[in-house]
Amino acid sequence: MKIFSHITSDLAAVFWQPSRMASSYIREHRDHREVGVFLCVLCVLCGSWFVSSSALARDELHLYNWNNYISAETVARFETQCACRVVQDYYSDNEEMLAKLAAGATGYDIIVPTGNAMESLIRQQALRPLDKAKLPNLKNINPAYLDTAFDPGNRFSVPYAYTLTLLGYNVEKMRELGLPTDTWAVIFEPEFLEKVKGRITVLDSQRELMAAALKYLGYSASDTDEAHWKQARDLIIRAKPYWAAFNASSYIKELTVGNIWLVHGYSNDIFQANLDAQKAGRKFSIASAIPKQGAVLSLDSMVLHKTGPRPDLALRFIDYMLEGSNSAELTNLIGSGNPNLDALRYIKPEIAQNPAIFPDAQHQVNLEMLRDLNRHQRRVLSRMWTEIKLR
Amino acid sequence: MSKKHAELSPAARLTKWLVSGSPFVFLLLFFAAPGIIMVLASFRYPGEFGGLAPLTADPGTLHGLTLETYRFFFSDLIYTEIFFKSLLVALATTLICLVMAYPLALLIARSPKRSRDFMVLLVILPFASNFLIRIYAWMILLGPQAALSLMLNGLLGAFGMEPVHLLFSPFAVLVAMVYVHLPFMVLPLYTNLERHDPALLDAAQDLGANAWQRFWRVTFPLSLPGIFSGSVLVFIPVMGMFAIPDILGGTGDMLIGNLIKEQFLGTRDWPFGSTLSIMLTIAVLLFVWVAAKLGSTRGRYA
């Protein structure tokens, strides 16, 4: 063991480098959303995470929202209207938000979780029921987005915006290669894949990718039958050699620069990719399409957290966000889907008429929201996912 | 030993405690405590919404302690397989780093004293920019429109071979792993090589050893401790690395680090994630211990 003494002396010489790397991990990982969550979870394990809920002297509304999920003007106008301050905190992943709350974070008035995460919060009894008398603008919401399985009767939640998981593609390339864009077959069937080998990415998400495969096979996106999962797994493994990567973050950039031609991705991201491509003066455009077999819809809703000190302000904010003009600002900014009927007239026509953001009745029927899995199912799926990644 | 202690003055003893105290507390707080928590977590059930199931609860719901994560781990070869794969990647990275770093370290150590510090600074310079930015830079360097890809594919095309994708491949992962960890190999090697007495080489030359013999019979055996510490410093972080395969890897480049990350995020299965982490720690320690054993036996014969 004498040899270890050499290591210690050498370690001292280079010790500052790993520690520096660790800290830079934390700082620069905004793009790489999982790491924040991962560190969060680690901190929970260490039992050292602590967020104080200080008593507030002045009027403040604490909003815990997705990154880049509200327009600054909208917030500024609300602040003038209520003569209060909106304090914002951000997450980039439902799991990150859940982990932070599970670790005891308090003091958030409003949170904007996706359906299945919201269901978790409801079952944990972490939310405050809504006083609908204070929400006259609730009538603006399209009834199709109310009364979901996650929150029957909307006792706790008000729909905010939605994202679709669909196909995004380089319009010129797809036309040139003569590939269809209205079916999941284009990312699963070798006859199509051969033409775009190495130019496709799919989401690095167990649930989303399985959902696409299940939909293509004609099952529900939330199907939990193991036999169906196995079929989906085999379909994915067969298509995998043609895919460039599992990617949930940098595919936006790869689409924009033209390295990747076809993606399985989120509608907001693909909207962003096209904006970036146009801004950079690329000779192609990026579009998205809902496959005819159906797709996953993620509906984000505003909810009141039990520990929020200002439910009165929170309700006022929710009602304010339910006004069509305010709600439309978000859609105009990031191309998110909008469940607010009154907002439609304020939305830019090119977005309002985009069928991949506001699907027609025929596509609407095939959209599904993902239900949460129980711990046993999660472990079985994770086992399959490992197999998919390893084969 | 005790005699030596008795000779120390109280002030010296206090200094000794103060000096060794802070690293001790550091290790206790940031290594031992999380380690113990991790071991405990691995014997629990996963919570319904993530986290851990309670230790005590109504009968009928999952609670208490269990060995199920360990059973799950050993019931399935796929997890052993992924360990094996990570091990291969780590070994390959270590080996490539060694081959690339040794000549460099030797060059620095044999340079005039004045330029050494400057050269070491150059080795450390990449750390001045952020780790992730450097990895993202490789995305551009290896991208299909990049000069490297165009040149290589032009060459392959000339011989009538299929074009290759450099980005999102095991190759990209290996390149970035080597790139990131190279300084960790260079610095210990350099610290070792710098300490060598040049007189030994002169003596060997006087005794008729040629350049190769001087290296192989004198320099190399003396540098073994440096090689070992450099290898450990590269091998251990590579075993747990998850960011590089995530960013640069293709569809088959899952390593053990990614699997552990996945347990805490996608799957919300903390107990199994903890079990995997423990297995990783054991595997790494075992491997390094065996390597050290082998190293010291060989050292005796040298």
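Take the conditions (1) in a helix (DSSP H, G or I); (2) surrounded by fewer than 13 Cβ atoms within 10 Å (Cβ to Cβ); B:LEU132 misses just one of them, which is (2). Residues in segment A:119-130 that are out of contact with any strand residue (DSSP E or B) (no Cβ under 6 Å at 6 or more places or on another chain) and either among the aliphatic types (A, V, I, L, M) or at pLDDT 95 or above (or both): A:ILE122, A:ALA126, A:PRO129, A:LEU130. The single condition among (1) assigned to a helix (DSSP H, G or I); (2) β-branched (Val, Ile, Thr); (3) touching an Asp or Glu at 6+ places or on another chain (Cβ under 8 Å) that A:ILE270 does not satisfy is (3).
Among the residues making up segment A:354-391, those that are within 22 Å of the chain's Cα centre (by Cα), more than 8 Å from chain B (Cβ to nearest Cβ) and among the polar types (S, T, N, Q) are A:ASN354, A:GLN364, A:ASN366, A:GLN377.
Scan segment B:250-257 and give yes if some residue there is closer than 27 Å to A:ASN247 by Cβ, assigned to a helix (DSSP H, G or I) and more than 7 Å from chain A (Cβ to nearest Cβ), otherwise no. First the steps, then the outcome.
Going through segment B:250-257, the residues closer than 27 Å to A:ASN247 by Cβ turn out to be B:250-257.
Among the residues that remain, those that are also assigned to a helix (DSSP H, G or I) are: B:256-257.
Filter once more, so that each one left must be more than 7 Å from chain A (Cβ to nearest Cβ): B:256-257.
Yes - at least one qualifying residue is present in segment B:250-257.
Within segment A:309-331, does at least one residue satisfy the condition of being assigned to a loop (DSSP other than H, G, I, E, B), farther than 30 Å from B:LEU62 by Cβ, among the β-branched types (Val, Ile, Thr) and more than 14 Å from chain B (Cβ to nearest Cβ)? No, every residue in segment A:309-331 fails to be assigned to a loop (DSSP other than H, G, I, E, B), farther than 30 Å from B:LEU62 by Cβ, among the β-branched types (Val, Ile, Thr) and more than 14 Å from chain B (Cβ to nearest Cβ). Among the residues of segment A:215-234, those that are out of contact with any Gly (no Cβ under 6 Å at 6 or more places or on another chain) and closer than 26 Å to A:ILE286 by Cβ comprise A:TYR216, A:ALA221.
Looking only at segment A:194-206, filter to residues that are within 23 Å of the chain's Cα centre (by Cα) and either at the interface with chain B (Cβ under 8 Å from one of its Cβ atoms) or among the hydroxyl-bearing types (Ser, Thr, Tyr) (or both); which one of those is nearest to B:PHE168 (Cα to Cα)? Of everything passing the filter in segment A:194-206, A:THR201 is nearest to B:PHE168 (Cα to Cα). When segment A:90-107 is filtered for residues that are within 20 Å of the chain's Cα centre (by Cα) and either more than 16 Å from A:MET302 (Cβ to Cβ) or in a loop (DSSP other than H, G, I, E, B) (or both), the ones remaining, listed by number, are A:SER92, A:ASP93, A:GLU95, A:GLU96, A:LEU98, A:ALA99, A:LYS100, A:ALA102. For segment A:208-227, the count of residues that are among the basic types (Lys, Arg) and modelled with pLDDT under 95 is zero.
So which pairs qualify, if the first residue must be in segment A:239-256 and more than 7 Å from every other protein chain (Cβ to nearest Cβ) and touching a residue at least 12 places away in the same chain (Cβ under 8 Å), the second must be small (Gly, Ala, Ser) and not in a helix (DSSP H, G or I), the Cβ gap must be under 7 Å, and the two must be at least 6 apart or on different chains? Close Cβ pairs (under 7 Å, with a partner that is small (Gly, Ala, Ser) and not in a helix (DSSP H, G or I)) amount to A:ALA248/A:SER205; A:TYR251/A:GLY265; A:LEU255/A:GLY168; A:THR256/A:ALA280.
For every residue, the table says whether it meets (1) under 23 Å from the mean Cα position of the chain (by Cα); (2) more than 30 Å from A:ILE286 (Cβ to Cβ); (3) surrounded by fewer than 22 Cβ atoms within 10 Å (Cβ to Cβ).
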{"residue": "A:GLN124", "(1), (2), (3)": "yes, yes, yes"}
{"residue": "A:ARG128", "(1), (2), (3)": "no, yes, yes"}
{"residue": "A:ASP131", "(1), (2), (3)": "no, yes, yes"}
{"residue": "A:ASN140", "(1), (2), (3)": "no, yes, yes"}
{"residue": "A:ASN154", "(1), (2), (3)": "yes, yes, yes"}
{"residue": "A:PRO159", "(1), (2), (3)": "yes, no, no"}
{"residue": "A:TYR162", "(1), (2), (3)": "yes, no, no"}
{"residue": "A:ARG175", "(1), (2), (3)": "no, no, yes"}
{"residue": "A:LEU179", "(1), (2), (3)": "no, no, yes"}
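Of the residues making up segment B:266-285, those that are surrounded by fewer than 23 Cβ atoms within 10 Å (Cβ to Cβ) and at the interface with chain A (Cβ under 7 Å from one of its Cβ atoms) number 1. On the stretch given as segment A:257-277, residues that are facing another protein chain (nearest Cβ under 9 Å) and either without any contact (Cβ under 8 Å) to a residue 40 or more places away in the chain or in contact with a Cys (Cβ under 8 Å, 6 or more places away or on another chain) (or both) total 1. Of the listed requirements (1) out of contact with any Asp or Glu (no Cβ under 9 Å at 6 or more places or on another chain); (2) assigned to a helix (DSSP H, G or I), A:GLY153 misses just one: (1). For B:ARG71, are the conditions met, namely being modelled with pLDDT under 95 and away from every other protein chain (no Cβ under 13 Å)? For B:ARG71, the condition - modelled with pLDDT under 95 and away from every other protein chain (no Cβ under 13 Å) - is not met. Taking segment B:22-41 as the range and being closer than 20 Å to B:LEU55 by Cβ, more than 9 Å from chain A (Cβ to nearest Cβ) and of a type outside the set (Gly, Ala, Ser) as the test, the residues that pass are B:ILE36, B:VAL39, B:LEU40.
How many residues, within segment B:33-76, are assigned to a strand (DSSP E or B) and either surrounded by fewer than 17 Cβ atoms within 10 Å (Cβ to Cβ) or free of Cβ contacts under 8 Å to residues at least 24 places away in the same chain (or both)?
If we filter segment B:33-76 for residues that are assigned to a strand (DSSP E or B), which is where we start, we get B:44, B:46, B:48, B:50, B:52, B:65.
Add one more test, that the residue is either surrounded by fewer than 17 Cβ atoms within 10 Å (Cβ to Cβ) or free of Cβ contacts under 8 Å to residues at least 24 places away in the same chain (or both), and what stays is B:48, B:65.
Adding up the residues that qualify gives 2.
The values are calculated or read from the model by the stated rules, or taken from the named source; none is laboratory data. Only a predicted model underlies this, so the values are computations on that prediction, with no experimental measurement involved. In this analysis, Cβ positions are derived from the backbone assuming ideal geometry, glycine residues included, and neighbour counts consider all displayed protein chains.
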